[in-house]
Amino acid sequence: GFSQSQLAQLKYLMPEAIDIRTTLVQDEKTSCVKSELLVALQPDALKDSILGVNGDSYLALSTVVRSRLSTFIKSRPE
């Protein structure tokens, strides 16, 4: 699983490719209702943003992540 910090970092880098929803589920043991995060990766959201990548959504996603991560690291030299 992801920590909330890791999830926030991923969402910052790829806001259009990560879908986060909150749902309520009932705990069977305690009968209490608690919130749960549903995280979905949507690689098709980035496929059209890469020129020259045809057909493979995950390849496009990988290319975008690598590019954005590189830009992010270069912009924060600390």
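Kirkwood hydrodynamic radius of the chain from all distinct Cα pairs, in Å? Write out the running numbers ahead of the final one.
Values: mean 1/r = 0.0684 Å⁻¹.
So the Kirkwood estimate lands at 14.6 Å.
Once you put a point 7 Å from the Cα of Q4 and another 7 Å from the Cα of L37, both along the Cβ direction, what distance in nm separates them? Distance between the two pseudo-spin positions: 0.8 nm.
The angle between the Cα long axis of helix 57-75 and the longest principal axis of the Cα atoms of the chain comes to about 80 degrees, rounded to the nearest 10.
List nothing, just return the count: lysine pairs in the stretch 4-75, 8 or more apart or interchain, with Cα separation under 25 Å.
Values: K11/K34; K11/K47; K11/K74; K47/K74.
For the stretch 4-75, the number of qualifying lysine pairs is 4.
Among R76, R68, sorting on how many other beta-carbon atoms sit within 10 Å of each Cβ, with the fewest leading, yields R76, R68.
Do the sum for the chain: with -39,500 (n - 2.57) for every DSSP H run of n ≥ 4, divided by all residues, what is the mean residue ellipticity at 222 nm, to the nearest 500 deg cm²/dmol? Rounded to the nearest 500, it is -13000 deg cm²/dmol. The antiparallel fraction among DSSP beta bridges confined to the stretch 4-75 stands at about 100%.
Round to the nearest 10 and give me the degree value, 0 to 90, for the angle of helix 4-13's Cα axis relative to the longest principal axis of the chain. In the chain, helix 4-13 runs at an angle near 30 degrees to the longest axis.
Rule-based calculations on the coordinates, nothing more; no lab input. Because the structure is a prediction, the values reported are computed rather than measured. A quick note on method: Cβ atoms are made from the backbone with ideal geometry, for glycine too, and the neighbour counts reach across all protein chains shown.
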